[in-house]
Amino acid sequence: MGVMGAVTDTVPEPEVRRPFALRLPAALLVCVAAPVGMITLPWAVFVIAVFAGQISQGGDGAWSGLMAMGLPPLVGYPAAAVLWSHSRRAASLRRAWILAILGVLAIAAVSFLPVLALGYGLYDEWQETQPGGRGYHP
């Protein structure tokens, strides 16, 4: 027979759940960041990759204007992720809301132009299928 080590019959402490009011700001920040990020981040990576390819092949930098629109999301989204992380651990409700609102503003600021450009492109393509558009066939 073996010798048993120190066995304790204690139940582990349950995790203390934060109140819903302290979890809500971080959840709302994620609800804004996720759908907008699915549009903005791939576009930003594409623009940066094309610009880098143009420059490496000796191009004239014609994409530099788009590169200026593609770089801010690659900086703004990590900043919003840091704000989200801090808002999840905020000690007070006021601080959690301030951090979450700052994250939403950061996302709105860096995603405005890419989302606007995509929306305008989709609207323009949709217009072509309407009566009077180039692609209209009754």
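Could you tell me how many of the residues in segment 53-71 are more than 18 Å from Gly121 (Cα to Cα) and either acidic (Asp, Glu) or surrounded by fewer than 17 Cβ atoms within 10 Å (Cβ to Cβ) (or both)?
13
Of the residues in segment 28-73, how many are in a helix (DSSP H, G or I) and either of a type in the set (A, V, I, L, M, F, W, C) or in contact with a strand residue (DSSP E or B) (Cβ under 9 Å, 6 or more places away or on another chain) (or both)?
So in segment 28-73, the residues in a helix (DSSP H, G or I) come out as 28-56, 64-73.
Next, only the ones that are either of a type in the set (A, V, I, L, M, F, W, C) or in contact with a strand residue (DSSP E or B) (Cβ under 9 Å, 6 or more places away or on another chain) (or both) stay: 28-34, 36, 38-39, 41, 43-52, 55, 66-69, 71.
Total satisfying the criteria: 27.
One line per residue, one yes/no per condition, for (1) modelled with pLDDT under 85; (2) closer than 22 Å to Gly119 by Cα; (3) touching a Phe, Trp or Tyr at 6+ places or on another chain (Cβ under 7 Å):
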residue	(1), (2), (3)
Ala21	yes, no, no
Phe51	yes, no, yes
Gln57	yes, no, no
Arg94	no, no, no
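So that you can scan it fast, the table gives a plain yes or no per residue for (1) within 30 Å of Phe20 (Cβ to Cβ); (2) of a type outside the set (S, T, N, Q); (3) surrounded by fewer than 18 Cβ atoms within 10 Å (Cβ to Cβ):
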site	(1), (2), (3)
Phe51	no, yes, no
Pro73	no, yes, no
Val82	yes, yes, yes
Leu93	yes, yes, yes
Leu102	yes, yes, yes
Ser111	yes, no, no
Leu118	no, yes, yes
Trp126	no, yes, yes
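Note down all Cβ pairs under 7 Å where the first residue falls in segment 38-62 and is within 18 Å of Val110 (Cα to Cα), the second is polar (S, T, N, Q) and modelled with pLDDT of 80 or more, and they're at least six residues apart or on different chains.
So the pair list comes out as Thr40/Ser111.
The values are calculated or read from the model by the stated rules, or taken from the named source; none is laboratory data. If you're wondering where the values come from, they're calculated on a predicted model, not measured in any experiment. Quick reminder, even Gly has a Cβ in these numbers, built from the backbone with ideal geometry, and neighbours come from all protein chains shown.
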